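The values are calculated or read from the model by the stated rules, or taken from the named source; none is laboratory data. Treat the numbers as computed from the prediction; the structure is a model and nothing was measured. We place every Cβ from the backbone using ideal geometry, glycine too, and count neighbours over all the protein chains shown.
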Amino acid sequence: MLDILKHRTYRHLFFAQVVALLGTGLATVALSLLAFDLAGDEAGQILGTAMAIKMTAYVLIAPLASAFAESVSRRMLLVSLDVVRALIALALPFVTEIWEVYVLIAVLQSASAAFTPTFQSAIPDTLPDEDDYTRALSLSRLAYDMENLVSPALAAVILLATSWQGLFSGTVIGFIASALLVVSVALPSTAKTEKPRGIYERAGRGFKIFLATPRLLGLMALNLVVSLAGSMVIVNTVVLVQGQFGLTDRHTAMAFAAFGGGSMLAAFALPALLKRWQDRRVMLTGAGILISGLVLAIPVDRLGWLLPVWAWLGVGFSTAQTPVGRLLTRSSHGEDRPALFAAQFSLSHAGWLVAYPLAGWVGSVAGMQITLVMLASLALIALIPAIRLWPSVDPKELLHSHDDLPDNHPHTATSGRQHTHPYIIDSLHPTWPH
């Protein structure tokens, strides 16, 4: 997997992702401490509102940002967004009012909502070979998992020498380093469309492709499975470990580490597995692992049993999520790729926007066992349309007819009205052939 880092442009992009993730991780810890400094025991309300602002920005801003990005250089956009995020992180230690936190978080997360899908859509253009891109996706998954492990430890070390305000300095350094790494390489330009498109058409383009492509309809349902299972881990791990088992922060960290370790293990195995299995089989298997993990967690009453179940959920989480980039790349032309990645970013976070409060509220009212039963049931219900909507036979090339085009149209002039080629939704192919 690490051989892919020999590719200079991707190497710089990967390390830009790593340092930006570390900066974001430090900001997460610092924000918790800032909230406590401002509100004391009411800090949870600030953090909950900040999370809602983050998810709302991710759902609403990503498709609009991708529409504006068509007329701007990728490199300039990514560097500008990193600079904006660094400036916001620089301002956060100086806030004195809760509303100021909300405003700055809204701007910060809006910049991230524009940055992430633009960055993700640049990778398949940088690595056109599918095997290389698959290794890059697995490496990216590892980076996310490592951030979950490294950032809290790094924050603890920094706090030994300085106050929580110093953590935001690390965030600023991370975003500036990311900007410098991006500006140090030439990124492939986004392919241009033959006809200029309006802002609203560009913003909705990714969603139109989603709704017209069967495999992407299946992906929409899988997004919900992932968010339902993931929300249980993210929201309720501390409740299980410290609330029900009566253990400490250290044991909560162990549970999160088990989840991250399972995810990393799957990320290492996926490049080889994806050479043998199709994306559909891999991702549906991952969804099945997630549902089975929720079921296995129902009788768990001690940490010794929770750790392997959380590791199993980590395996499913990575298996269901890592191949998504391959699916999006296969389902779009270069000019539509940023819009499609933005649509996936928006739709997947819409699932988290539903799953987070569901896992938290039901857990606090009905208890963990009822929450696990409910989440597992909803995930199973979501898995059914994923299986039905995503055809089990899903070839790259499809035989189809163009009765709507004249014989002398460039698309039909050489191959005739009925022909076979990789089928992607575009202006000439607005619907999926039956």
### Summary
Leu375 vs (1) surrounded by fewer than 22 Cβ atoms within 10 Å (Cβ to Cβ); (2) at pLDDT 90 or above; (3) out of contact with any Asp or Glu (no Cβ under 8 Å at 6 or more places or on another chain): all pass except (1)
### Query
Is it true that some residue in region 119-137 is closer than 18 Å to Ile53 by Cβ, in a helix (DSSP H, G or I), more than 15 Å from the chain's Cα centre (by Cα) and modelled with pLDDT under 90?
no
### Message
Six or more apart or on different chains, Cβ atoms under 7 Å: show the pairs whose first residue is in region 286-308 and closer than 21 Å to Ser318 by Cα and whose second is of a type in the set (S, T, N, Q).
### Response
Gly286/Thr319; Ile289/Thr319
### Task
May I ask you to verify whether Ala257 is over 30 Å from Gly363 (Cα atoms) and out of contact with any Ser or Thr (no Cβ under 7 Å at 6 or more places or on another chain)?
no
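In the set Ala272, Ala253, Ala221, which member is more than 26 Å from Arg135 (Cβ to Cβ) and at pLDDT 90 or above? Steps first, answer last, please.
Numbers: Ala272 fails: more than 26 Å from Arg135 (Cβ to Cβ); Ala253 fails: at pLDDT 90 or above.
After applying the criteria, what remains is Ala221.
May I ask you to list the residues in region 87-110 that are more than 14 Å from the chain's Cα centre (by Cα), farther than 18 Å from Gly170 by Cβ and part of a helix (DSSP H, G or I)? If you could, list the steps in order and put the result at the bottom.
Step one: filter region 87-110 for residues more than 14 Å from the chain's Cα centre (by Cα), giving 87-108, 110.
If we keep only those that are farther than 18 Å from Gly170 by Cβ as well, we get 96-103, 106-107, 110.
Correct list: Ile98, Trp99, Glu100, Val101, Tyr102, Val103, Ala106, Val107, Ser110.
Matching residues to (1) touching an Asp or Glu at 6+ places or on another chain (Cβ under 8 Å); (2) in the same structural domain as Ala350 (by TED's automatic domain parsing); (3) over 17 Å from Ala179 (Cα atoms); (4) buried (at least 17 other Cβ atoms within 10 Å of the Cβ):
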position: Arg8; (1), (2), (3), (4): no, no, no, no
position: Thr24; (1), (2), (3), (4): yes, no, no, yes
position: Leu34; (1), (2), (3), (4): no, no, yes, yes
position: Ile46; (1), (2), (3), (4): no, no, yes, yes
position: Met55; (1), (2), (3), (4): no, no, yes, yes
position: Ser73; (1), (2), (3), (4): no, no, no, no
### Task
Considering only region 62-96, state which residues are within 21 Å of Gly204 (Cβ to Cβ) and at pLDDT 85 or above.
Leu77
### Query
Only one of these conditions is not met by Ala267: (1) buried (at least 22 other Cβ atoms within 10 Å of the Cβ); (2) hydrophobic (A, V, I, L, M, F, W, C); (3) modelled with pLDDT of 90 or more. Which number is it?
(3)
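Return the only residue of Ala267, Ala272, Ala257 being under 27 Å from Leu307 (Cα atoms), in contact with a Lys or Arg (Cβ under 8 Å, 6 or more places away or on another chain) and among the hydrophobic types (A, V, I, L, M, F, W, C).
On the way: Ala272 fails: in contact with a Lys or Arg (Cβ under 8 Å, 6 or more places away or on another chain); Ala257 fails: in contact with a Lys or Arg (Cβ under 8 Å, 6 or more places away or on another chain).
None of the others qualify; the one that does is Ala267.
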### Task
Give just the number: which of (1) within 30 Å of Gly243 (Cβ to Cβ); (2) over 21 Å from the mean Cα position of the chain (by Cα); (3) surrounded by fewer than 20 Cβ atoms within 10 Å (Cβ to Cβ) does Val354 not satisfy?
(2)
### Message
Any residue at all in region 187-207 that's at pLDDT 90 or above, assigned to a helix (DSSP H, G or I) and either aliphatic (A, V, I, L, M) or surrounded by 23 or more Cβ atoms within 10 Å (Cβ to Cβ) (or both)?
### Response
no
### Query
From the set of residues in region 75-88 that are out of contact with any helix residue (DSSP H, G or I) (no Cβ under 8 Å at 6 or more places or on another chain) and among the aliphatic types (A, V, I, L, M), which is surrounded by the most Cβ atoms within 10 Å (Cβ to Cβ)?
Leu87
### Residue count, region 5-30 (criterion: over 21 Å from the mean Cα position of the chain (by Cα) and part of a helix (DSSP H, G or I))
5
### Query
Which residues, taken from region 399-425, are surrounded by 15 or more Cβ atoms within 10 Å (Cβ to Cβ) and either touching a residue at least 24 places away in the same chain (Cβ under 8 Å) or of a type in the set (Ser, Thr, Tyr) (or both)?
His400, His402, Thr412, Tyr423, Ile424, Ile425
### Summary
Reported set for region 240-257 where residues are of a type in the set (S, T, N, Q) and closer than 20 Å to Ala359 by Cα is Gln242, Gln244, Thr252
### Query
Of these, Leu247, Leu217, which one is surrounded by fewer than 21 Cβ atoms within 10 Å (Cβ to Cβ) and either touching a Ser or Thr at 6+ places or on another chain (Cβ under 6 Å) or under 30 Å from Ala67 (Cα atoms) (or both)?
Leu217
### Query
If you go through region 154-166 one residue at a time, do you hit one that is buried (at least 18 other Cβ atoms within 10 Å of the Cβ) and either under 22 Å from the mean Cα position of the chain (by Cα) or at pLDDT 80 or above (or both)?
no
